[in-house]
Every structure is written in C-alpha cells, then in structure tokens.
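First comes the structure, then the notes that go with it.
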Amino acid sequence: MKNKKSSKSFLNTVCAYATIILGTLCGILFAFSLVCAVNHRWAEFGICLAIAIILLIIIIPLMFRGDIYKCPKCGHEFKTNPYKTFFTKGMLSDLDGTPTKYVKLKCPKCNTKDYCKRRWK
C-alpha cells in the first residue's frame, strides 16, 4: 500500500513539474511568435504559434488532473472535461495567480448550471 501511495505521489510531482515546464515553454513560444510577427517573419511566426498551441493542448489536462467539482444544489461530486473547465466562466476571470475555488459548470445529476466548488486532489 505504501508503494502505491509513493508512486501516486511521484506521478503527481512529475505532472506538476511537467505543467510548469511546458507552461513556461508555451509562454516563451507565444512571445517569440509575436516578435516574429512584428518583424514580418511569417514562417517562424506560424511554426512558433502552432507549437505553442499544441503545448497548450497538452498542458490543459495536466492542470485539471484529479479535480472534483461539487454541485451547490444537490451536493453531487463529479469530474468534467478539462477543456470545458478551462474555458468556462470563473476559470479565466481570476488573473491574480491564485487558483479559483468556484467554476460555473452544469451538474450531470440535477442539470443545474451554477458555480460548483472545486476540490483539488
């Protein structure tokens, strides 16, 4: 049992570091693509932007790995699509760097669309 917990902890650590590294690389590529666009180097702009978008597609599921949401109306706990969570109201509105506690989602049990409490694992 201890070995199983240790491997889960190791996997969580690897995912956290991968998210940080890939997120930094994605930001650098976005910035470099803007520099290329200003200098009218369109081939480099397209390549950097495409790689940055691919990295973003990889990062989003790593960011929301293991998150569980609780419906305020019925109390049902559920997981949701990470891309849907990333682009939902409440997720991108908190830009001060702290993780948001509430995300506006639709509960699969009672079909109520409300701010569900986010619980991290």
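No value in this document is a laboratory result; all are computed from the given coordinates. Computed from a predicted model, the values in this text were never measured in an experiment. So basically every Cβ, Gly included, is an ideal-geometry build from the backbone, and we count neighbours across all protein chains shown.
Taking each of Lys8/Lys73; Lys8/Lys70; Lys8/Lys109; Lys8/Lys106 in turn, the alpha-carbon distance tops 26 angstrom for Lys8/Lys73; Lys8/Lys109; Lys8/Lys106. Close amide H pairs (under 5 Å, H built 1.01 Å from N) link Thr112 with Cys107, residues at least 5 positions away or on another chain. Residue-wise HN-Hα couplings along segment 26-37, as the Karplus relation 6.51 cos²θ - 1.76 cosθ + 1.60 with θ = phi - 60° gives them from phi, are 5, x, 4, 5, 4, 5, 5, 5, 5, 4, 5, 5 Hz; Gly and Pro carry x.
Sparse packing (at most 11 other Cβ atoms within 10 Å of the Cβ) combined with a DSSP loop state is found for none of the chymotrypsin sites (Phe, Trp or Tyr not before Pro) in segment 32-82. Amide H contacts of Lys104: Lys89, Met91, Cys116, each under 5 Å away and 5 or more positions distant or on a separate chain (H built 1.01 Å from N in the peptide plane; Pro and chain starts excluded). Here the Karplus relation 6.51 cos²θ - 1.76 cosθ + 1.60, evaluated at θ = phi - 60°, turns the backbone of segment 70-87 into coupling constants of 10, 6, x, 7, 9, x, 6, 9, 8, 9, 9, 5, x, 5, 5, 5, 4, 9 Hz, with x for every Gly and Pro. Segment Ala16..Ile68, full-extension length gain: 17.0 nm, with 0.36 nm per residue of separation and the alpha-carbon distance subtracted. Is the shape of segment 2-63 rounded, prolate or oblate, going by the alpha carbon gyration tensor and its root eigenvalues a ≥ b ≥ c, with a/c under 1.5 for rounded and a/b larger than b/c for prolate? Here segment 2-63 falls in the prolate category.
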